[in-house]
Each structure stands twice: as C-alpha cells, then as structure tokens.
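What follows is a set of notes on a single structure, which appears directly below.
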Amino acid sequence: MRWRGQRKSKNIEDRRSESGPALGGLGGRGGMLNLLPMVFKVLGFKGGLIAVLALGAYALFSGNLGNMLGTVSNQQTEINQPANQSPAEKELVSFVSVVLADTETTWHTLFKDMGGHYKEPRLVLFRNSVQSACGTGQAAMGPFYCPSDQKVYIDLSFYNDLKNRFKAPGDFAQAYVIAHEVGHHVQTLLGISQKVQDAKQTLGKVQANQLSVRQELQADCFAGVWAFHADQSRQLLEQGDVEEALTAASAIGDDRLQKQSQGHVTPDSFTHGSSAQRVHWFKMGQRSGDIKACDTFAADSF
C-alpha cells in the first residue's frame, strides 16, 4: 500500500499512556471477567475455555461492543498525551492515521454525492483496556466501534495477532480492519445501526444473529467500497493488496473461528458471517465502489 507521504488524519485520540491493566471488568454490568471463575467451575476447563474463546470471537470485528457490554452514560475525556513507543509502533501510528484520513476522503465524497454530510469518527489508540461510552473494552476483544460516542478503538498489538494468529499479514490487511470499523460508523450515520437494533428487539436469538450477520457483511462491503476509491482515485493500492484484505476477511469468518475454538461449526450462532460471505461482500464493494451494492439486508442469500 502506497501510504507514506499521504495526509494524516487529525482525528487520532491517543490514550496509550493512560490505559489500564489487561485484566478488568467488561462494561457496566459488574464486570464479565469477574464471572470467569464461576464459568470454569460450572463448565469445566474445556467448556469454560470454549466459552471464553467464543466471547472473544463474538467481539472481534463486531463494531457492536455497546450491545454486548451495555451503554454507560459517563462522559469520556479526550486525552492525547505522548506515549512511550518503539520506532515500529510509531510508524504504525502514522499508518493508521493515513488510512483513517483516506477513509475520510472517500466517505466525504460519497456522502456529498448522496446529498448529505459525513461526520468524521475519531480513532482511539489504547493499550490493554479502555473506557468507551459503550463500556470497558479489552485488547483481547480486538478493534471495535462504539456508536454511542462514534469512535473506533484499537490496540495496535492486535496487528500482531492478525499476522501471527490469523495468518493475515500485510499493511492492507491492517487497513481493512480500520475500514471495516469505519463501515460501522457509516451505518450509524445512515441510521442503519439503529434500525437493526430496534428490529432485533422483536426477534428470536437465531433471527437476531442473522440480522447481525447482514450488518457485519455490509461493513465488509463498505470497506471494499473504500478500497475501490483508494485505488481508483488515489492509486494507494499495490499488487497483492486486495489479496491481503481477502485473507484477513476469510481469517475472521465465524466458521473458521468456531472451528478453531470449539472444533465444530454452528451456523445458527453466526454473528459476523462465514469466511466465504465476508470475502464475497468485501469483493462486492471493492469491485463496484458503489454503496448501493452493499444492501445486504435486501439480498435473498448473503
């Protein structure tokens, strides 16, 4: 990806110097991690481990942390204190800032074409844990978007997991992560996220999960729309970049994550989509560059 020398976003909120320890309560419900000893006691070691891994898989790339943790009303304080960082991490911060800036360019143009105005999200850098308007986020949960404060949260150490655990290396795979979460921000601005949440209140668990899958796949498609414009308008993509994004999309499919964590696949519990579905919808956006092509909710099959 040709990102060096490109514009950097001003919407970076660096909280790495104030982040707490990795262990702690998840959200305003008394702290879900405090329940882990009971989970292991009731389910046994193997059952408890599967439950923990399933929780992490659900949160990964969900962009819906507020639904799982509950929304808290405390106002967040924006902190941008310098953080101790290695040269490699410093370069990664620059990369993230450039990617965010490029998503801003794309979505400003597309919203203007639709007769609207794009409100830029902020991207919060943290280490280990962070307080959001959706509750307490943990690094182990992966990047997330909080609709209550319209911010994307990421612990940069996740990129090591993306490379080593999920076998999805490359800078464009990293960019896809940000573009997906920004896709959830676009859904919030368009009113899609609220409609999904309202509809889920009237549905059973399986049907609600299917609606979540459609929402996640649309965020993948929106990431593809950004990739199209980053390439066509600004020539940021290099050979192999799209393949990196597709590898990342495939690596975090529900079927693959479930197979790794519990040894079998349960389609009714999918909340993000299978590897094939995530790849399909990213490619749908990346090939068309058209937000209208991303109507996963109207698709007969997804």
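The values are calculated or read from the model by the stated rules, or taken from the named source; none is laboratory data. This is a predicted model, so every value here is computed, not measured. Don't worry about glycine lacking a Cβ; one is built from the backbone with ideal geometry, like all the others, and counts go over all protein chains shown.
Inspect the range 186-194 for any residue being closer than 24 Å to L236 by Cα, in contact (Cβ under 8 Å) with a residue 12 or more places away in the chain and more than 12 Å from the chain's Cα centre (by Cα) and give the result as yes or no.
Within the range 186-194, one or more residues are closer than 24 Å to L236 by Cα, in contact (Cβ under 8 Å) with a residue 12 or more places away in the chain and more than 12 Å from the chain's Cα centre (by Cα).
How many residues are among the small types (G, A, S) and in contact (Cβ under 8 Å) with a residue 12 or more places away in the chain if we restrict to the range 98-115?
Of all residues in the range 98-115, those among the small types (G, A, S) come to 101, 115.
Adding the requirement that they be in contact (Cβ under 8 Å) with a residue 12 or more places away in the chain leaves 101.
The qualifying residues number 1.
Is it fair to say K119 is among the basic types (K, R), under 25 Å from W226 (Cβ atoms) and either outside any loop (DSSP other than H, G, I, E, B) or at pLDDT below 90 (or both)?
Values: among the basic types (K, R): yes; under 25 Å from W226 (Cβ atoms): yes; either outside any loop (DSSP other than H, G, I, E, B) or at pLDDT below 90 (or both): no.
Taking the combined requirement at face value, the residue does not satisfy it.
It is to be established whether one or more residues within the range 182-193 are crowded, with 24+ Cβ neighbours inside 10 Å, over 25 Å from G115 (Cα atoms) and touching a Phe, Trp or Tyr at 6+ places or on another chain (Cβ under 7 Å).
no
Going residue by residue through the range 221-230, is there one that turns out to be among the hydrophobic types (A, V, I, L, M, F, W, C), in contact with a Gly (Cβ under 7 Å, 6 or more places away or on another chain), in a loop (DSSP other than H, G, I, E, B) and at pLDDT 90 or above?
no
Any residue that is in a helix (DSSP H, G or I), crowded, with 24+ Cβ neighbours inside 10 Å and either touching a strand residue (DSSP E or B) at 6+ places or on another chain (Cβ under 6 Å) or at pLDDT 90 or above (or both) - is there at least one of those in the range 199-215? If you could, list the steps in order and put the result at the bottom.
Step one: filter the range 199-215 for residues in a helix (DSSP H, G or I), giving 199-200, 205-215.
Those still in the list that are crowded, with 24+ Cβ neighbours inside 10 Å too: 215.
From what is left, the residues that are either touching a strand residue (DSSP E or B) at 6+ places or on another chain (Cβ under 6 Å) or at pLDDT 90 or above (or both) are 215.
Yes, the range 199-215 contains at least one residue that is in a helix (DSSP H, G or I), crowded, with 24+ Cβ neighbours inside 10 Å and either touching a strand residue (DSSP E or B) at 6+ places or on another chain (Cβ under 6 Å) or at pLDDT 90 or above (or both).
Consider S148 carefully, then state whether it is farther than 19 Å from S9 by Cβ, part of a helix (DSSP H, G or I) and either modelled with pLDDT of 95 or more or not aromatic (F, W, Y) (or both).
Details: farther than 19 Å from S9 by Cβ: yes; part of a helix (DSSP H, G or I): no; either modelled with pLDDT of 95 or more or not aromatic (F, W, Y) (or both): yes.
Criteria not met by S148.
Given the structure, is S269 surrounded by fewer than 18 Cβ atoms within 10 Å (Cβ to Cβ), within 22 Å of H184 (Cβ to Cβ), at pLDDT below 90 and among the hydroxyl-bearing types (S, T, Y)?
On the way: surrounded by fewer than 18 Cβ atoms within 10 Å (Cβ to Cβ): yes; within 22 Å of H184 (Cβ to Cβ): yes; at pLDDT below 90: yes; among the hydroxyl-bearing types (S, T, Y): yes.
The answer is yes for S269.
What's the number of the only condition in (1) aliphatic (A, V, I, L, M); (2) surrounded by fewer than 24 Cβ atoms within 10 Å (Cβ to Cβ); (3) at pLDDT 95 or above; (4) not in a helix (DSSP H, G or I) that V98 fails to meet?
(4)
What single numbered condition from (1) assigned to a strand (DSSP E or B); (2) touching a Ser or Thr at 6+ places or on another chain (Cβ under 9 Å); (3) under 23 Å from D102 (Cβ atoms); (4) not hydroxyl-bearing (S, T, Y) fails to hold for V130?
Single failed check for V130: (3).
Would you mention how many residues in the range 149-173 are within 15 Å of the chain's Cα centre (by Cα), more than 22 Å from W226 (Cα to Cα) and of a type in the set (S, T, N, Q)?
Residues meeting the conditions: 1.
Looking at D113, D161, which one is surrounded by fewer than 19 Cβ atoms within 10 Å (Cβ to Cβ), of a type outside the set (S, T, N, Q), more than 22 Å from R2 (Cβ to Cβ) and modelled with pLDDT of 95 or more?
Working: D161 fails: modelled with pLDDT of 95 or more.
The conditions single out D113.
Could you tell me which of the residues A173, A179, A168, A140 is within 24 Å of T247 (Cα to Cα) and assigned to a loop (DSSP other than H, G, I, E, B)? Reasoning before the result, please.
Values: A173 fails: assigned to a loop (DSSP other than H, G, I, E, B); A179 fails: assigned to a loop (DSSP other than H, G, I, E, B); A140 fails: assigned to a loop (DSSP other than H, G, I, E, B).
Of A173, A179, A168, A140, the one residue that is within 24 Å of T247 (Cα to Cα) and assigned to a loop (DSSP other than H, G, I, E, B) is A168.
Being crowded, with 24+ Cβ neighbours inside 10 Å, out of contact with any strand residue (DSSP E or B) (no Cβ under 9 Å at 6 or more places or on another chain) and either under 24 Å from K119 (Cα atoms) or in contact (Cβ under 8 Å) with a residue 60 or more places away in the chain (or both) is the requirement here; does A179 meet it?
Working: crowded, with 24+ Cβ neighbours inside 10 Å: yes; out of contact with any strand residue (DSSP E or B) (no Cβ under 9 Å at 6 or more places or on another chain): yes; either under 24 Å from K119 (Cα atoms) or in contact (Cβ under 8 Å) with a residue 60 or more places away in the chain (or both): yes.
For A179, the condition - crowded, with 24+ Cβ neighbours inside 10 Å, out of contact with any strand residue (DSSP E or B) (no Cβ under 9 Å at 6 or more places or on another chain) and either under 24 Å from K119 (Cα atoms) or in contact (Cβ under 8 Å) with a residue 60 or more places away in the chain (or both) - is met.
Looking at the range 116-149, which of its residues are aliphatic (A, V, I, L, M), in contact with a strand residue (DSSP E or B) (Cβ under 7 Å, 6 or more places away or on another chain), crowded, with 23+ Cβ neighbours inside 10 Å and under 20 Å from G183 (Cβ atoms)?
L123, V124, L125
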